[in-house]
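Working notes, structure below.
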Amino acid sequence: MSATNTVPRELDAIVVGAGFSGLYMLYKLRELGLSTTVIEAGGDIGGTWYWNRYPGARCDVESMHYSYSFDPELEQDWEWTEKYPSQPEILSYIHHVADKHDLRKDVVLETKVTSAYYDEDSATWTVQTDRGHEARARYCIMAVGCLSVPKTPEVPGLERFRGDWYHTCDWPESGVDFTGKRVGVIGTGSSGIQAIPIIAKQADELTVFQRTANFSLPTFNGPIDREMVAEIKANYREVREAGRRSGFGVAIDPPTKSALEVDEEERRRTYEERWQRGNLTGVLQAYTDLLADERANETAAEFVRGKIREIVKDPKKAEILSPKGYAFGTKRPCLDTGYYETFNNDHVHLVDLRETPLVEITDKGVRTSDREYEVDSLVLATGFDAMTGALLNIDIHGKGGITLKEKWAEGPMTYLGLGVSGFPNLFTITGPGSPSVLSNMIVSIEQHVEWIADLLDHMRKRELTSVEATEAAEKEWTDHVQECGEATLYTKTDSWYMGANVPGKPRVFMPYIGGVGAYREKCEQVAAQDYEGFALRA
Ligand code: NA7
């Protein structure tokens, strides 16, 4: 079944975005019998996994956990092939789910929502698109993703560049062949770190422009372990439930000791064993205080630096690749396949932009403070205007005409990352103030979608027409999110969690660090207490 082109003028709900969250929201709204259209900017469904098609794109949550849990049949039938799912495999999974549940017929593609206006008298939203649609709905649900507005380097000249350039999150569907090319990559976050080893295999020369060295751990990816799959499938309900009640959305044995209460030899053994697990949380969750105490953190950071020095043969490159100046884990750490090893190739060069800053893009390549690097192709792996970017790109007007941009001028304020006071009947799936980006996204998405669906069901049964976060509840929650952040090392680092990667963006810790389990409990309590902190009106 293919997507539709029409947006009915009157609907119960409009969902913006057809990634994991928008598609599941559609499924749940249909269950409630609410007429719904999903409006999606991309040329197909998939959200993050539609756009981020760069070579090597892969999720760094293991396949068996990075999937929907709402459909037990799907869960049993679908077969993942690798420990960590690649972008093409995740995208075909999303297509499979959409086909199975016939979701596409309510999705409008290649259409951007440009504005949304709330009308207080009718308690409805009027949404407009760049293709001239105008539709009115009781509910407007933003499923726009946390990492969906790309950011380019803040230096001039990109328009002058005569070669081809690509942003990792807007990669040509036909792919790119770098064979025989001199390629430059700017950015060494997750996207750059995943793409670089593969580009290096094709390119004649690869120059990596690094501003901040990142901590990256090996995935030890490979074919999925069939015994593990059988065991998880036999116990999927328990596995999912444990994930939902955990810190990050995948259950782990929580640490019990401080890194500083054991001797160096024990720490080294522990870190080594956890390094070999090939996952994001292994080393970081070895001790209770790695994300709270600088001295404790330094023990793990130095362990990773030791690994980099072991792998990278050129001591100068190893030194540049060794992260310093911020705590391990406080910028999103990466998982890689052969990243550091790539720098042992003679045709792979590394430029330290801290030493020689980026000055401009020229017609021939990249100029740093000391020289020009000529390249045929340029890859921008320079990240996103995270968490608030996609919401603020839409001209959203709430009660009294106030815009979301005005409301969030000093940083995002939400109640539970789900609702915003002054913006009734508007929901933000995985919004700022929720654990989203600090969790297995799908666990967070399912919880948000189900919570919103329960609330809408509650409202329908009681014939209520509007729901709005109260200012007091919103303030209390936003302060709590900040306090939780301040109790960790996260707020000491310039990261996209802090809005620090986008010049002029308010410096506020945006995600909730208290864990998905604690967060879920809070949401459940709110619902049980008649949606405490939300004003419900008839
Ligand atoms: P990230 O993690 O934000 O990484 C972007 C990278 O680009 C990072 O190394 C930045 O360095 C670098 N960057 C950004 N702007 C510039 C300029 N102007 N000059 C040089 N270098 C620059 O984005 P990703 O796409 O890799 O990953 C996003 C998330 O996707 C990731 O965290 C996972 O959650 C999945 P900086 O650190 O700012 O110095």
**Message:** Residues of the stretch 171-198 with backbone nitrogen within less than 17 Å of a virtual label 7 Å along the Cα-to-Cβ line of HIS349, please, listed as ranges.
**Reply:** 180-187
**Prompt:** Mind checking the angle between helix 264-277 and the chain's longest principal axis? C-alpha axes, 0 to 90 degrees, to the nearest 10.
**Reply:** 60 degrees
**Fill in**
Note on the stretch 76-192: alpha-carbon gyration tensor, axes a ≥ b ≥ c; rule is a/c under 1.5 for rounded, else prolate if a/b larger than b/c, else oblate; result oblate
**Message:** Helix 87-100 against the longest principal axis of the chain: what's the angle in degrees, Cα atoms only, rounded to the nearest 10?
**Reply:** 20 degrees
**Asked** Along the three principal axes, how long is the chain when you take its alpha carbons, biggest first, rounded to the nearest angstrom?
**Response** 69, 56, 46
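Tell me, what % of the accessible area of the chain is carbon and sulfur with a 1.4 angstrom probe?
The nonpolar share, carbon plus sulfur, comes to 48 percent.
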**Prompt:** Taking the simple approach of a point 7 Å from Cα along Cα-to-Cβ for both ASP494 and LYS105, what is their distance in nm?
**Reply:** 5.3 nm
**Asked** How many Å² of accessible area per residue for the stretch 192-324, probe 1.4 Å?
**Response** 49 Å²
**Request:** Note down the accessible area of GLU110, probe 1.4 Å, to the nearest 10 Å².
**Result:** 120 Å²
**Request:** At 0.36 nm per residue, minus the direct Cα-Cα distance, what do ASP225 and LYS112 gain on full extension? Give it in nm, one decimal, please.
**Result:** 36.6 nm
**Request:** Within 10 Å, count the other beta carbons around each residue, average over each peptide in 146-152, 445-451, 113-119, and list them highest first.
**Result:** 445-451, 146-152, 113-119
**Message:** Given points 7 Å out from each Cα along the Cα-Cβ axis, report the GLU82 to ASN5 separation in nanometres with one decimal.
**Reply:** 3.7 nm
**Value at 222 nm in deg cm²/dmol, rounded to 500, when DSSP H runs of n ≥ 4 in the chain each add -39,500 (n - 2.57)** = -9500 deg cm²/dmol
**Request:** Taking 7 Å along the Cα-to-C-beta vector as the label spot, tell me the SER174-GLU471 distance in nanometres, rounded to one decimal.
**Result:** 5.6 nm
**Prompt:** Shape call for the stretch 112-258 from the C-alpha gyration tensor, a ≥ b ≥ c root eigenvalues: rounded (a/c under 1.5), prolate (a/b greater than b/c) or oblate?
**Reply:** oblate
**Complete:** Nearest 10, in degrees from 0 to 90: the angle of helix 471-486 to the longest Cα principal axis of the chain is 20 degrees
**Message:** Need the list of aspartates and glutamates near LYS317 for cross-linking: C-alpha distance under 15 angstrom, and skip anything on the same chain fewer than eight residues off.
**Reply:** GLU341, ASP346, ASP352, GLU355
**Prompt:** Got a number for the accessible area of MET64? Probe 1.4 Å, square angstrom, nearest 10.
**Reply:** 10 Å²
**Request:** Determine the percent antiparallel among the DSSP beta bridges restricted to the chain, to the nearest 5.
**Result:** 40 percent
**Fill in**
Note to self: with every protein chain in place and a 1.4 Å probe, the stretch 1-59 gives an accessible area per residue in Å² of 33 Å²
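How high is the FRET efficiency from ARG237 to SER35, r the C-beta distance, R0 25 Å, rounded to 0.05?
Plugging the Cβ-Cβ distance into 1/(1 + (r/R0)^6) gives 0.20.
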**Asked** LYS83: which lysines have alpha carbons under 18 Å from its alpha carbon, excluding same-chain residues fewer than 8 sequence positions away?
**Response** LYS233
**Asked** Pairs LYS28/LYS331; LYS331/LYS405; LYS105/LYS505: which are spaced more than 30 Å apart, C-alpha to C-alpha?
**Response** LYS28/LYS331; LYS105/LYS505
**Asked** How many Å² of accessible area per residue for the stretch 347-428, probe 1.4 Å?
**Response** 35 Å²
**Message:** If the reach is capped at under 13 angstrom between alpha carbons, list the aspartates and glutamates near LYS364, excluding any in the same chain fewer than eight residues apart.
**Reply:** GLU159, ASP164, GLU372, GLU374, ASP376
**Prompt:** Roughly how many Å² of LYS461 are accessible to a 1.4 Å probe, to the nearest 10?
**Reply:** 140 Å²
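The values are calculated or read from the model by the stated rules, or taken from the named source; none is laboratory data. No experiment lies behind these values; they were computed from the predicted model shown. Please note: Cβ atoms are built from the backbone with ideal geometry, for glycine as well, and neighbour counts cover all protein chains shown. Areas reflect the complete protein model, heavy atoms only, side chains present, ligands, DNA and RNA absent. Shrake-Rupley method; radii C 1.70, N 1.55, O 1.52, S 1.80 Å.
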